[in-house]
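The structure appears right after this line, and notes come after that.
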Amino acid sequence: MEREVKSGKWDWVVWADCDTYFMNMSITVESVLFTYAGREESGELTLDPEVHMIVSEDSAMLNTGIFFVKGTRWAEQLFERVWGC
């Protein structure tokens, strides 16, 4: 994941654990991004540039089984801090 974020090829990178079960295949990555990171600007829906990560919650607080990370320096620094790379 860190390699893909650092590659600069992607605006957003999605992590999904191998046991993630996608129940509704009609929901797109774009729809998730605009639902949770979208904002209306001059009557147009855009992605908020201040949102760098989207993580869901479950009963145990943070659910890291699936999350979205924007391909930014912020994300690179997060992985460096978490993984000590």
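Laboratory data are not the source of any read-out in this text; all were calculated from the coordinates shown. Because the structure is predicted, anything quoted here is derived from the model rather than measured. Reconstructed Cβ throughout: ideal geometry from the backbone, glycine too, with neighbour counts over all protein chains shown.
Scanning region 42-85 for residues that are hydroxyl-bearing (Ser, Thr, Tyr) and farther than 14 Å from residue 6 by Cα gives 42, 46, 56, 59, 64. When region 5-20 is filtered for residues that are charged (D, E, K, R) and without any contact (Cβ under 8 Å) to a residue 60 or more places away in the chain, the ones remaining, listed by number, are 17, 19.
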